[in-house]
Amino acid sequence: MKLKKEYSEESLIAGIKQDSHQALKYIYKAYYSMILHFVTSNSGTEQEAKDIYQEGVIVLYERLKEADFELTCKIKTFLYSVCRRLWLKRLAEKNKYGGKINDYEEFLPFEDEAEAMNEQEEQYQMMTESMIQLGEPCKTILEDFYIKKMSMQQITSKMGYTNTANAKNQKYKCMMRLKKIFFKEYNVQE
Amino acid sequence: MDIVQKYTTIERYLEGQLEGNELIDFEQQIAADSNLAQEVEEHRILIENLEKVRYREEMKAKMSAIHSELFDVEEKSRAIKTKARIKSLWHKYQSIVAVAASVTIIFLGNTFFNLKQVRSVEEKQSTNYLQLNRELKVVKRKQKNIEAKTNKLEIASKKAIIGKVKSTGATALVISPTGFLVTNYHVVKDADSIYIETRKDSSLMRLKVKAVYGDEAKDLAILRVIDTNFTTFGQLPFSLRTEQAKLAERVYTLAYPREDIVYGEGTISAQTGYQGNPASYQISIPVNPGNSGAPVMDARGNLVGLITGKDKKMEGATFAIKARYLASMMDSVATNLEVTDSLRKPLIKPAANYLQYLQRPQQVNKLRKFVFVVKVYNSDKNF
């Protein structure tokens with residue numbers, strides 16, 4: 001399948017910043033095979049390649065949306081470098097890192113940013129885990145409100161509360177609990 | 001400040017919804033109160049992270065859609081290629097497949113033979129039923145012989161003991177979701193091994209149990225599941241009725257006198273049992289061997305008693321031990337286990353009745369999950 005429109009790097013970056021679906025599709029298609037090749041030739045599976053690639057694209061998006069971030073290399077190089085780093089981390093976690101990596105592209109070492117990136121990933125993981133620890137019905141309430149952006153009225157009728165005041169009350173209790181769980185971990189890290 | 005109100009303000013502040021005096025007020029409060037400032041900061045981090053989770057999930061969903069749109073087409077074409085390959089392989093290995101097929105046919109023949117065997121086992125089961133009758137007659141004759149000798153045995157002979165014959169299935173009722181059941185003492189008295197069985201749709205569930213407590217006088221025994229695969233029976237829908245059931249009250253029972261569960265209806269015909277036994281009721285309800293241990297429920301789904309036996313000389317006189325005695329026995333077993341066996345799950349008495357507002361068929365449908373066949377095996381052949 002071929003995408004008719006060709007994008008320049010600038011228009012792609014602009015597309016990312018505007019959350020254009022076409023741009024995402026273009027980027028996804030353009031560099032997937034590169035990462036698939038990299039991961040599968042460094043003892044990974046197709047599924048792992050897909051996971052890593054999607055994480056890499058998310059990092060690209062997150063970085064580009066930061067106000068003070070400027071991409072100093074090609075999108076391709078950035079994606080390759082991020083995915084490479086993520087995959088090395090994954091290999092280390094699985095104790096499969098043999099010390100030698102088959103590389104196919106130029107990459108950025110990310111020496112200065114490694115710490116900040118690690119911290120971001122850890123925070124994301126902590127949040128996901130905290131939400132799991134939080135349990136029901138809190139998880140659903142908070143997800144519906146903060147993640148799915150549902151209104152308090154919708155949540156009230158979905159969860160079967162008698163009125164919105166009750167639902168709100170429950171939401172705050174849940175927030176407090178999440179806070180406790182999250183910051184217990186967070187402060188250990190600091 | 002009310003805590004919910006405080007959080008609302010923090011949230012609104014972070015969303016930039018505070019304006020004018022309210023905003024100035026709140027900023028002053030933050031500046032003055034370091035605790036509040038920290039709370040605001042923590043809330044900000046939390047919301048920021050929740051937002052990040054939301055963003056990532058949204059992106060992943062978008063990309064997964066793109067992924068299947070772009071690459072699943074390729075997978076389809078790959079599937080077509082594999083089909084073509086299978087065709088060429090078929091030509092290549094036709095002869096081998098033919099040999100394999102003939103082997104399969106031989107195996108199939110075996111299966112038919114096995115099916116035949118299964119059928120003959122089933123037939124045996126129905127003849128088992130006849131045997132059971134015969135064996136009961138043997139018991140009766142023996143007892144008649146002894147009758148003349150001792151007065152004590154005379155009583156025993158008059159009381160037909162149901163389900164004493166080996167391999168007769170009696171009935172057991174779950175009394176705790178943690179794996180306890182109750183049945184009659186005479187059912188498990190001489191048991192080498194005891195199993196409980198139930199049919200869920202078409203599959204058979206079979207669990208090994210052990211008698212943990214028995215009371216010969218009350219004819220009650222408590223069984224415990226010792227199968228390692230067992231987790232829980234689930235919430236019990238009935239409760240125990242410890243006060244006396246009224247004369248002429250309608251009751252029903254569920255039991256396994258044969259391989260399938262059987263429902264029976266009757267009334268409380270006397271508040272005392274065999275020979276005036278105050279611990280039992282006399283119920284006019286049709287029962288058969290295998291009904292031992294079957295629950296007797298009242299119209300609202302409370303457990304009134306447990307069937308123990310019937311009078312052979314009297315028509316329609318069935319006896320059931322009162323639930324009150326079961327309740328007190330469960331209490332003593334529970335406290336006993338707490339001391340001797342505190343590591344395993346405790347016995348929890350059923351408390352809530354979920355059956356009372358249901359129609360009878362729905363009641364029975366809920367209850368039947370908690371009624372089991374008890375299969376007792378013993379090597380002792382001299383009854």
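Taken across both chains, chains B and A shield about 3800 Å² of accessible surface from a 1.4 Å probe. Semi-axis lengths, largest first, of the ellipsoid equivalent to segment A:9-93 are 23, 14, 10 Å, with √(5λ) applied to each eigenvalue of the Cα gyration tensor. Within 10 Å of the Cβ of each residue in B:39-52, the mean number of Cβ atoms contributed by other protein chains is 4. Peptide packing for A:59-65, B:321-327 was compared via the average number of neighbouring C-beta atoms within 10 Å per residue; ordered from the highest value, the list is B:321-327, A:59-65. A viscosity of 1.306 mPa s and a temperature of 10 °C, combined with the Kirkwood radius over C-alpha pairs in the Stokes-Einstein formula, give segment A:114-189 a diffusion coefficient of 120 µm²/s.
Shielding by partners for peptide B:8-14, expressed as the average number of C-beta atoms from other protein chains within 10 Å of each residue's C-beta, is 1. Once you have a ≥ b ≥ c as the square roots of the Cα gyration tensor eigenvalues for segment A:40-190, tell me rounded if a/c is under 1.5, and otherwise prolate or oblate according to whether a/b is larger than b/c. Prolate shape, in that a/c is at least 1.5 and a/b is the bigger ratio. Residues whose amide H falls under 5 Å from that of A:MET150, counting only those 5 or more places apart or on a different chain, are A:PHE145, with hydrogens built in the peptide plane. Could you sort out which of B:LYS208/B:LYS322; B:LYS313/B:LYS369; A:LYS139/A:LYS179 sit more than 23 Å apart by Cα distance in this structure? Among B:LYS208/B:LYS322; B:LYS313/B:LYS369; A:LYS139/A:LYS179, the Cα-Cα distance tops 23 Å for B:LYS208/B:LYS322; B:LYS313/B:LYS369.
Where Rh denotes the Kirkwood radius from the mean inverse Cα pair distance, what is Rg over Rh for segment B:166-377?
Result for segment B:166-377 is an Rg/Rh of 0.93.
In whole Hz and in residue order, list the ³J(HN,Hα) couplings for segment B:57-65 that follow from phi through the Karplus curve 6.51 cos²θ - 1.76 cosθ + 1.60, θ = phi - 60°; x for Gly and Pro. Values, residue by residue: 5, 5, 4, 4, 4, 4, 5, 4, 5 Hz.
Using only side-chain charges placed at the Cβ, +1 for Lys and Arg and -1 for Asp and Glu, the dipole size of segment A:9-93 relative to its Cα centre rounds to 200 debye.
Built from the Cα atoms of segment B:161-289, the convex hull projects on average onto 8.7 nm², one quarter of its surface area. Within straight-line reach of A:LYS158, meaning a Cα separation under 20 Å, sit the following aspartates and glutamates at least 8 residues removed in sequence or on another chain: A:GLU136, A:GLU143, A:ASP144. Centre-to-centre separation between the Cα atoms of segment B:195-237 and those of segment A:1-71: 58 Å. Scalar couplings 3J(HN,Hα) for segment B:299-307, obtained by applying the Karplus form with A = 6.51, B = -1.76, C = 1.60 to θ = phi - 60°, are 4, 9, x, 8, 7, 9, x, 9, 5 Hz; x denotes Gly and Pro.
Backbone amide hydrogens, once placed in the peptide plane, bring B:ALA294 within less than 5 Å of B:THR171, B:ILE307, excluding anything fewer than 5 places away on its chain.
Converting phi to 3J(HN,Hα) with the Karplus coefficients 6.51, -1.76 and 1.60 and the offset θ = phi - 60°, segment A:22-29 yields 4, 5, 4, 5, 4, 4, 4, 5 Hz in sequence order, with x at every glycine or proline. Legend: mean number of C-beta atoms from other chains within 10 angstrom of residue C-beta atoms, peptide B:55-64, equals 6.
The values are calculated or read from the model by the stated rules, or taken from the named source; none is laboratory data. In this text, all values refer to a predicted model and were calculated from it rather than measured experimentally. Reconstructed Cβ throughout: ideal geometry from the backbone, glycine too, with neighbour counts over all protein chains shown. Please note that ligands, DNA and RNA were not included when accessible areas were found on the heavy atoms of the full protein model with its side chains. Shrake-Rupley method; radii C 1.70, N 1.55, O 1.52, S 1.80 Å.
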